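To start, the structure itself, in structure tokens.
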There are 2 protein chains.
Amino acid sequence: MEFDEVVRRRRMVRTYDPDRPVPAEIRDKLLAHALRAPSAGFSQGWGFLVLEKPEDRELFWTATTADDPDDGPDGWLTRMRTAPLIIVPMSNKSVYLDRYAQSDKGWTDRDESRWPVPYWDIDTGFAALLVHLTAVDAGLGSCFIGLPADRVEHFKVAFGVPEAFTPIGALTVGYRAPDKRSPSLRRGHRPMDEVVHHGRWTG
Amino acid sequence: MEFDEVVRRRRMVRTYDPDRPVPAEIRDKLLAHALRAPSAGFSQGWGFLVLEKPEDRELFWTATTADDPDDGPDGWLTRMRTAPLIIVPMSNKSVYLDRYAQSDKGWTDRDESRWPVPYWDIDTGFAALLVHLTAVDAGLGSCFIGLPADRVEHFKVAFGVPEAFTPIGALTVGYRAPDKRSPSLRRGHRPMDEVVHHGRWTG
């Protein structure tokens with residue numbers, strides 16, 4: 001698919017055809033593209049948990065979501081559970097602190113205050129967006145969701161994730177089924193001249 | 001260009017043809033695609049500073065970089081200054097805290113501890129990656145760089161950026177000139193089986 005069309009078609013898909021698994025070659029391409037994401041100092045301080053078996057996916061949802069009385073049989077989280085593939089991208093800050101203490105980078109310590117923003121999370125986000133776009137390119141749908149802060153530890157214990165890794169969210173992937181439009185979209189796009197500033201900040 | 005080819009060709013470009021500006025229609029497309037990035041709750045808590053005039057670009061480099069004795073006439077930062085266009089993506093945490101205190105999201109306060117990772121930075125990173133990929137698609141090159149933590153305030157004052165916004169880095173954009181390969185690439189890609197885990201964390 002043309003790049004422009006991928007950008008144009010991209011949207012968060014929350015309902016999937018539960019009877020149509022993601023072919024292995026597409027799954028592998030999603031992951032191969034994730035690993036092509038850029039990273040500061042080529043640190044690649046990330047890890048990806050891939051869940052396909054029904055019992056693994058069930059464990060994911062149990063570990064990461066609390067019972068939500070507002071999420072009825074047709075609620076978004078219930079619909080998300082139809083996704084045949086879940087990929088959890090995780091960042092590893094420690095790898096970045098180590099990388100930038102190496103001689104070619106010149107910092108002599110692992111001081112976190114050198115980092116104005118957490119590039120471990122941003123870079124892992126780059127990888128997540130590449131998975132999301134690659135799914136669109138392959139004719140599938142995908143959604144990137146955050147995990148509730150108070151369920152992160154449950155998730156890590158359930159899947160044996162080492163202390164150093166932090167899930168930055170999760171991607172559901174699958175063939176699209178008739179979906180509901182997110183109510184958030186009613187907010188509309190912020191207009192270009194509100195968010196883009198030429199030369200100096202204005203407005 | 002096909003999406004796959006954009007992903008394959010993508011690399012950080014650090015040397016540009018200084019005599020070839022970025023056409024206005026390509027610049028506008030880079031920004032339009034940035035604004036199509038996904039964001040939590042459709043918050044769109046971001047802003048983009050666009051620098052094209054030589055004096056604005058000079059101010060950017062002066063404000064954000066210290067004199068580096070290791071960066072000689074052929075150093076990477078000197079080469080980066082050949083870029084005819086700089087886009088600085090900035091995140092606004094406050095917009096996210098406000099958004100999730102609204103009634104349809106159900107959180108009743110702006111407590112930051114609800115956020116396991118900073119989605120304001122990750123979402124703004126999504127926008128930055130879309131700019132980077134769109135440049136490749138348009139036949140140009142681009143580089144995403146971090147700003148040194150101790151220069152962020154200089155930068156914000158120089159360009160009149162409000163307190164609430166934080167630059168997550170900067171993108172240089174332009175037509176490619178013969179470049180040098182980043183030494184970091186000698187580290188090589190981490191192998192797939194080191195970073196991808198099926199069903200449970202392994203290794």
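From the residues in the range B:118-140 that are closer than 27 Å to A:A149 by Cα and of a type in the set (D, E, K, R), which one is nearest to the other protein chains (Cβ to nearest Cβ)?
B:D121
Can you name every residue in the range A:139-162 that is outside any helix (DSSP H, G or I) and in contact with an Asp or Glu (Cβ under 9 Å, 6 or more places away or on another chain)?
Residue satisfying the conditions is A:G141 alone.
Of all residues in the range A:99-137, which are of a type in the set (V, I, T) and either under 16 Å from B:D121 (Cα atoms) or at pLDDT below 95 (or both)?
A:T108, A:V117, A:I122, A:T124
Only one residue in A:A24, A:A83, A:A66 is more than 22 Å from B:V117 (Cα to Cα) and surrounded by fewer than 19 Cβ atoms within 10 Å (Cβ to Cβ). Which one?
A:A24
I'm checking my understanding of the structure. Among residues of the range A:71-117 that are in contact with a helix residue (DSSP H, G or I) (Cβ under 9 Å, 6 or more places away or on another chain) and of a type in the set (F, W, Y), which one is farthest from B:F144 (Cα to Cα)?
The residue in question is A:W107.
Could you check the range B:141-150 and list, in sequence order, the residues that are modelled with pLDDT of 95 or more and more than 8 Å from chain A (Cβ to nearest Cβ)?
Residues satisfying the conditions are B:G141, B:S142, B:C143, B:I145.
Looking only at the range A:113-129, filter to residues that are within 19 Å of B:T65 (Cα to Cα) and within 24 Å of the chain's Cα centre (by Cα); which one of those is surrounded by the fewest Cβ atoms within 10 Å (Cβ to Cβ)?
Among residues in the range A:113-129 that are within 19 Å of B:T65 (Cα to Cα) and within 24 Å of the chain's Cα centre (by Cα), the one surrounded by the fewest Cβ atoms within 10 Å (Cβ to Cβ) is A:W115.
Check the range B:38-45 and report whether any residue there is touching a helix residue (DSSP H, G or I) at 6+ places or on another chain (Cβ under 6 Å) and closer than 16 Å to A:V196 by Cα.
Yes, the conditions are met somewhere in the range B:38-45.
Only one residue in B:V161, B:V195 is over 14 Å from the mean Cα position of the chain (by Cα), touching a residue at least 24 places away in the same chain (Cβ under 8 Å) and facing chain A (nearest Cβ under 7 Å). Which one?
B:V161
Given the options A:L97, A:L30, A:L51, name the one that is aliphatic (A, V, I, L, M) and more than 20 Å from the chain's Cα centre (by Cα).
From the options A:L97, A:L30, A:L51, the qualifying one is A:L97.
Counting only residues that are within 13 Å of chain B (Cβ to nearest Cβ), give me the helices (runs of 4 or more DSSP H) lying completely in the range A:6-99 with at least 3 of them.
A:24-34, A:54-64, A:93-99
Go through the range B:164-192 and give me each residue that's under 17 Å from A:R36 (Cα atoms), among the small types (G, A, S), within 8 Å of another protein chain (Cβ to nearest Cβ) and in a loop (DSSP other than H, G, I, E, B).
If the condition is that a residue be under 17 Å from A:R36 (Cα atoms), among the small types (G, A, S), within 8 Å of another protein chain (Cβ to nearest Cβ) and in a loop (DSSP other than H, G, I, E, B), then B:S182 is the only one that fits.
The values are calculated or read from the model by the stated rules, or taken from the named source; none is laboratory data. A quick note: this is a predicted structure, and the numbers were derived from the prediction, not measured. Cβ coordinates were reconstructed from backbone atoms using ideal geometry, including for glycine residues, and neighbour counts include every protein chain displayed.
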